[in-house]
Amino acid sequence: MKYDTLIRQALIIDGSNTPGYLADVGILAGRIEAIGDLATVAAAHEVDARGLVLAPGFVDVHTHDDTVVIRHPQMLPKLSQGVTTVIVGNCGISAAPVSLRGDPPDPMNLLGTRAAFTYPRFADYRAAVEGARPAVNVAALIGHTALRSNHMDDLQRTATPDEIAAMRGQLQESLEAGALGLSTGLAYASAFHANTDEVLQLSEELTAFGAVYTTHLRSEFEPVLEAMDEAFLIGRHAKAPVIISHLKCAGAGNWGRSPQLLASLEQAAKTHPVGCDCYPYAASSSTLDLKQVTDAFRITITWSTPHPEVGGRDLQDIAAQWGLSLMDTARRLQPAGAVYYGMDEADVRRILAHPLSMVGSDGLPEDPFPHPRLWGAFPRVLGHFSRDVGLFPLHTAVHKMTGLSAARFGLTERGEIRERYWADLVLFDPLRVRDVADFKEPQRAAQGIERVWVNGVLSYSEGQANGQRSGRFLARSGALGGGFSSL
């Protein structure tokens, strides 16, 4: 047999949270055909991987790449990190199904302007992704805020029974078309006034499909434990796995509470499938939220529609220049985006290291001055946190970005290096891999990512995308719920 590609003598870290082993890997027709000693076998393309690690392609479980995968399908910020699959539709924000009456409400504007929302049905979005042929695989959640904006004339209240029925109909249709589940962003003003019962009723559509419930909690500040309890209640009601998005202790008054949050997660995990994702930074990024304006920590403005010239500057500096209070300055800048340096590093490390946590970038590709997590999250886990800090061994770092993630979201035949699995692979130098993007220069590709294959096609090598785009739309392929027994 002659393979399409033969990767020789790599240290295989297969995504299963077990130590690596030396072997060759043969790829044929997009899949991993063989693993072992393939010294006597030939291939059209051979790669000498001595001294390098071969891992499954990373799964970015928390993205806002919904529209950029179509408009900029090369996906260099993700491909250059070794990411081969992105999950879109997080935080209640999705590109479909959406029928806007005007400009997208905050925070749906994180996905682009009104012109970016052209998918009234989820099937339309799926077809657009397949037509764009992005360089990475795409799987999608349905956003609660998107559904609300379709059927409600006022987002500052809870939905009526008729509105809930209409939202349920759209959610059901989307799940039938391959969506992974429902996401909420209950902290945002456009969804905050939805009471728990609204979400409970919507979540009932997940049950028949074995779909997942993910949530940007109603609060990540002082009432965070109550918000977690709400999420677990919704998941139990729907018999749906629960994933808490970017679990954190936000705000200086919350620092040091991560043991409480993780204890709550562990307690819930005893009787129900739950988990979380997190990003490896002590700063968050979103739209500029007046409720988060404070002088307790630094806030950097990433974009402002009325004042684009201030992108990259601190809110405090802008306020001093304008002779205004922080709050009045924030009001003048809106709509705008911001980076909030509102977390404690010890909490970040504790959550990142926990067996129930996965890695997601939460990167914002529309930001002209983005948080560096857009370009650096995954190499940062491999280099800074695993190799340099020693937070966990390399095979655990890889597991949190591959096998665990694929199992949680039901991405079958992906996330591990196994025979007959799809050949989504990343080859990296364990001694050199590191994030280069920082808060001053956030749009910089990582170092040490040698090669990336997506569905068996070499798509990135020697620091460059080669123009190959072989990603696919990944529809939900059955009941979810794997990968939750990590404790």
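The values are calculated or read from the model by the stated rules, or taken from the named source; none is laboratory data. Everything numeric in this text was worked out from a predicted model, so none of it was measured. Virtual Cβ from ideal backbone geometry, glycine too; neighbours counted across all protein chains shown. Side chains included, ligands, DNA and RNA excluded: accessible areas come from the protein's heavy atoms. Shrake-Rupley method; radii C 1.70, N 1.55, O 1.52, S 1.80 Å.
Yes or no, residue by residue, for (1) crowded, with 24+ Cβ neighbours inside 10 Å; (2) outside any loop (DSSP other than H, G, I, E, B):
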residue: 404; (1), (2): yes, yes
residue: 420; (1), (2): no, no
residue: 426; (1), (2): yes, yes
residue: 437; (1), (2): yes, no
residue: 441; (1), (2): no, no
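Looking at the structure I just gave you, is residue 391 assigned to a loop (DSSP other than H, G, I, E, B), surrounded by fewer than 22 Cβ atoms within 10 Å (Cβ to Cβ) and not β-branched (Val, Ile, Thr)?
Working: assigned to a loop (DSSP other than H, G, I, E, B): yes; surrounded by fewer than 22 Cβ atoms within 10 Å (Cβ to Cβ): yes; not β-branched (Val, Ile, Thr): yes.
Answer is yes for this residue.
Let's see how each residue does on (1) open to solvent by 10 Å² or more (accessible area, probe 1.4 Å); (2) farther than 29 Å from residue 261 by Cα:
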site: 139; (1), (2): no, no
site: 155; (1), (2): yes, yes
site: 163; (1), (2): yes, yes
site: 189; (1), (2): yes, no
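Cβ-Cβ under 6 Å, sequence separation 6+ or interchain: first residue in region 439-455 and under 15 Å from residue 7 (Cα atoms), partner of a type in the set (Val, Ile, Thr). Which pairs?
Within 6 Å, the pairs are 452/426; 454/84.
How about region 18-32: which of its residues are open to solvent by less than 50 Å² (accessible area, probe 1.4 Å) and closer than 14 Å to residue 419 by Cβ?
Passing the criteria: 23, 24, 25, 26, 27, 28, 30, 31, 32.
Name every residue in region 209-231 that is in contact (Cβ under 8 Å) with a residue 24 or more places away in the chain and open to solvent by 10 Å² or more (accessible area, probe 1.4 Å), in order of residue number.
Scanning region 209-231 gives 209, 210, 216, 218, 219, 220, 221, 222, 225, 229, 230.
Given the conditions (1) of a type in the set (A, V, I, L, M, F, W, C); (2) in contact with a strand residue (DSSP E or B) (Cβ under 6 Å, 6 or more places away or on another chain); (3) modelled with pLDDT of 95 or more; (4) open to solvent by 10 Å² or more (accessible area, probe 1.4 Å), and given that residue 369 satisfies all but one, which numbered condition is not satisfied?
(3)
List the pairs whose first member sits in region 83-111 and is hydroxyl-bearing (Ser, Thr, Tyr), whose second member is surrounded by fewer than 24 Cβ atoms within 10 Å (Cβ to Cβ), and whose Cβ atoms are under 6 Å apart, counting only residues at least 6 apart or on separate chains?
Listed by first residue and then by second, the contacts come to 99/120; 99/150.
Can you spot a residue in region 407-414 that is closer than 19 Å to residue 56 by Cα, polar (S, T, N, Q) and open to solvent by 10 Å² or more (accessible area, probe 1.4 Å)?
So far as region 407-414 goes, yes, one or more of its residues are closer than 19 Å to residue 56 by Cα, polar (S, T, N, Q) and open to solvent by 10 Å² or more (accessible area, probe 1.4 Å).
Of everything in region 19-48 that's under 29 Å from the mean Cα position of the chain (by Cα) and among the small types (Gly, Ala, Ser), which residue is farthest from residue 401 (Cα to Cα)?
Filtering first and then ranking leaves 29.
Output the number of the condition that residue 363 fails; it satisfies all remaining conditions of (1) touching a helix residue (DSSP H, G or I) at 6+ places or on another chain (Cβ under 6 Å); (2) outside any loop (DSSP other than H, G, I, E, B); (3) within 18 Å of residue 88 (Cα to Cα); (4) of a type outside the set (Asp, Glu).
For residue 363, the exception is condition (2).
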